[in-house]
Amino acid sequence: KSSVQTIGEEQIQNPYTELLVLKGHQDIVRFLVQIDDCRFASAGDDGIVFLWNAQTGEKLYELHGHTHKITAIAPFSSSDGTEEKTDMIITASADRTVIIWDCTSGRQVQKVSCFHSTVKCLTVLQRLNVWLSGGSDLCVWNRKLDLLCKTSHLTDAGISALVELPKNCVAAAVGKELIIFRLSASKNGSEGWNVLEVKRLVDHQDNISSLVSVNDLTFVTGSHIGELIVWDALDWTKQAAECSFWDSSVHPDVQPEIKLSQSPNETSVQHLTSDEECVFAAVGKGIYVYNLQMKRVIACQRTAHDSSVLHIEKLPNRQLISCSEDGSVRIWEVREKQQLPAEPVPTGFFNMWGFGRSNKQANQAAKKMQENTPMYFLELVGDLIGHSSAVQMFLYFGELGLATCSADHLIILWKDGERESSLRSLALFKKLAQNGDLQLKL
């Protein structure tokens, strides 16, 4: 029997009772990126980019330009003072090209195809008005797609992830290594830029699979064998580490599973997200909440899904959303456990020898420690069933709902049923009122 939690028909805390199915893609949809409050782009293995309206589900544009699957996508809003803000997106593909698209017109702005390998990640540094592409080398570009500078060839495997750090630095995951680069513009006023490798961090035992920036002081990395490392973002020193996600002795309150061995995908850190207080890690089939101040896991759900968790996000409330290879999307709530009263102090024979007093002191100390360290758990409050294959990722649009993409070629917009119903009633009421006015005039 599966040890995954289940939830019945009554899902009181799940508002997403209405869904819109968006069709258009012909292969796995791997990426969703938000453009503004009500527009987003989708991309995947068919090489096509679609722009959608998150409120209505309307398809705005279908962007053709790549001949192979898309490997990375990033939004890029730009303005240089002389012109108004332009919403753009950058896409990279296995055809070794990168394209900048205008989201307002749906037109291709620029295309570059001078790459020696596939670009696996894109990062925009808005403050410097440049963007970076990571492949077998790191390239720095301006918004007109002029190559400003690049590193020498790193490895054939290349950069798998990038994260922006303070002081014009970036951290690049290259296999097991984390390489810190610093960007600097020429001081003589010319367009010249430099990218300089300043440090290599080799603390991980396996390939780095996920990177997340917590704030200006901290960033976190996760690896394929379940290592999580917390780093200082200014001097790049290791602040803390957790590598016992699957060890039941570390989480004694969790029912252990009997397994002969741990396969790598069961311990891999697939995705990390943060709310500055905690890091939320998708590890294998489970979800873990790591408190940065306490430097330990404070809550976990070791079997949150039947298969690997691919994406996780913390909502503005105390809820988390996760999606998985098993095709499900689940809503969790971080709740505090009810504290159990401390055990009573034994009396009688031991008191004669003074043991009772020391036991009482120890008991009070244990009780105080228990009171000061609240424990939490993840409660399943909603289950969104709609996709027939692995859900790759999702976007949260607040009151407009949730967008999910999947290997079933579909995108689903999950809507708050009560809100949508009241909006329809309001629209109908306005229409009837208008018709009534018309009749009165006649």
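The table that follows gives values for the structure above.
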| read-out | value |
| --- | --- |
| Hull-based mean projected area of segment 276-335, where the convex hull spans the alpha carbons, in square nanometres | 3.8 |
| Carbon plus sulfur fraction of accessible area for segment 93-191, probe 1.4 Å, in percent | 47 |
| Gain in span if fully extended, LYS111 to LYS187, counting 0.36 nm per residue against the direct Cα distance | 24.4 nm |
| Estimated inter-spin distance, LYS167 and GLN34, nm [label 7 Å along Cα→Cβ] | 3.1 |
| Two-site FRET efficiency, VAL21 against LEU432, from Cβ-Cβ distance with R₀ of 25 Å, rounded to 0.05 | 0.25 |
| Summed residue charge, Cβ within 15 Å of TRP52's Cβ, Lys/Arg positive, Asp/Glu negative | -1 |
| Mean Cβ neighbour count within 10 Å, used as a protection proxy, ranking 61-71, 193-203 highest first | 61-71, 193-203 |
| Carbon/sulfur fraction of accessible area - segment 284-343, other protein chains in place, 1.4 Å, % | 44 |
| Segment ASP235-ARG296, length gained on full extension (0.36 nm per residue, minus Cα span) | 19.7 nm |
| Inter-part distance where segment 382-442 and segment 263-308 are each reduced to a Cα centre, Å | 31 |
| Probe 1.4 Å - accessible area at ILE35, Å² to nearest ten | 20 |
| Hydrodynamic radius of segment 93-225 per Kirkwood, over alpha carbon pairs, in Å | 15.6 |
| Segment 160-227: relative contact order as a whole-number percent, Cα under 8 Å and 6+ apart | 27 |
| Surface accessible to a 1.4 Å probe, per residue, for the residues of segment 27-111, Å² | 42 |
| ASN53 paired with LEU125, simple spin-label distance in nm, labels 7 Å along Cα-to-beta-carbon | 3.8 |
| Per-bin percent of Cα-Cα distances, segment 1-154 [10 Å] | 10, 36, 29, 15, 8, 2, 0 |
| By accessible area with a 1.4 Å probe, ligands and nucleic acids excluded, highest first: order of ASP36, ASP146, ASP87 | ASP146, ASP36, ASP87 |
| Surface per residue (accessible, 1.4 Å probe) for segment 183-226, Å² | 54 |
| Gain in span if fully extended, GLN5 to ASP206, counting 0.36 nm per residue against the direct Cα distance | 69.3 nm |
| At 0.890 mPa s and 25 °C, Stokes diffusion of segment 159-232 via Kirkwood alpha-carbon radius, µm² per second | 189 |
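The values are calculated or read from the model by the stated rules, or taken from the named source; none is laboratory data. Treat the numbers as computed from the prediction; the structure is a model and nothing was measured. As a convention, Cβ positions derive from the backbone with ideal geometry for all residues, glycine included, and neighbour counts pool all protein chains shown. Only protein heavy atoms, including side chains, enter the accessible area calculation; ligands, DNA and RNA are left aside. Shrake-Rupley method; radii C 1.70, N 1.55, O 1.52, S 1.80 Å.
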